[in-house]
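One structure below.
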Amino acid sequence: MKLNLETVEAMLYYWQAAAEKDNVSEKFFYDVAEMPGLKVAYDEEFNEESVRRALSAIKNRERFDGTKKEKKFWNNNMWMMEDLEFTHAMAAPLKTLNLDSIVEELQGVENKNNIEEIEVIFSPLHSDEYIIFENKIVINFFRIKVDLNGLENEATINGVGLKEYIKEKSIELLQG
């Protein structure tokens with residue numbers, strides 16, 4: 001099981017830079033749009049150009065108009081920049097996430113799809129909570145919930161702890 005935070009790391013840089021009004025090159029937008037964590041979400045309403053347009057509009061402080069999915073993506077990215085402390089709190093549990101215990105728990109699960117290695121990708125998606133594609137589980141970074149008051153120990157998605165959530169989606173992937 002492999003954890004891929006490439007898209008989240010790129011976006012953490014972007015959100016910080018855009019919030020501080022630093023220059024972010026257009027090439028960066030194209031590079032982000034090509035990342036596997038976003039490419040799996042592309043369809044007729046949301047594609048590479050959607051990502052580029054939304055991120056460029058944010059950087060340039062321009063109004064944004066697009067499809068429902070494009071607007072959701074734009075809005076979620078704006079939300080990340082409103083409170084960077086909260087954004088970093090959402091990313092913190094991912095940076096220390098160890099998936100070894102999940103691999104052990106999946107040992108007895110039937111692998112109908114003959115998946116050799118599961119790749120877990122956290123990515124800033126538009127509206128999907130998660131996407132399963134080939135051997136990948138792409139989880140929407142915007143769905144992570146953390147408690148800044150410290151009352152809850154674990155980050156959750158839809159009320160389920162991160163590891164348990166990944167385990168559930170892994171079983172779904174393995175069993176088709």
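The values are calculated or read from the model by the stated rules, or taken from the named source; none is laboratory data. Here the structure is a predicted model, which is why all the values come from computation and not from measurement. Ideal geometry is used to build each Cβ from the backbone, glycine not excepted, and the neighbour counts take in all protein chains shown. These accessible areas exclude ligands, DNA and RNA; they are computed on the full protein's heavy atoms, side chains included. Shrake-Rupley method; radii C 1.70, N 1.55, O 1.52, S 1.80 Å.
If the condition is being over 29 Å from Y13 (Cα atoms) and either part of a helix (DSSP H, G or I) or open to solvent by 50 Å² or more (accessible area, probe 1.4 Å) (or both), then segment 103-131 contributes V103, E104, E105, Q107, G108, E110, N111, K112, N113, N114, E116. Where helices (runs of 4 or more DSSP H) fall entirely within segment 12-91, those with at least 3 residues that are out of contact with any strand residue (DSSP E or B) (no Cβ under 7 Å at 6 or more places or on another chain) and crowded, with 20+ Cβ neighbours inside 10 Å are at 48-59, 68-82. Restricting attention to segment 54-98 and to residues that are of a type in the set (S, T, Y) and touching a Phe, Trp or Tyr at 6+ places or on another chain (Cβ under 7 Å), the residue that is nearest to D31 (Cα to Cα) turns out to be S56.
K169 - would you say it is out of contact with any Cys (no Cβ under 9 Å at 6 or more places or on another chain), modelled with pLDDT of 95 or more and open to solvent by 30 Å² or more (accessible area, probe 1.4 Å)? No; evaluated as a whole, the condition is false for this residue. Scanning segment 132-176 for residues that are part of a strand (DSSP E or B) and aliphatic (A, V, I, L, M) turns up I132, I137, V138, I139, I144, I157, V160. Here is a check on your reading of the model: is K2 in contact with a strand residue (DSSP E or B) (Cβ under 7 Å, 6 or more places away or on another chain), at negative phi and open to solvent by 70 Å² or more (accessible area, probe 1.4 Å)? It is true that K2 is in contact with a strand residue (DSSP E or B) (Cβ under 7 Å, 6 or more places away or on another chain), at negative phi and open to solvent by 70 Å² or more (accessible area, probe 1.4 Å).
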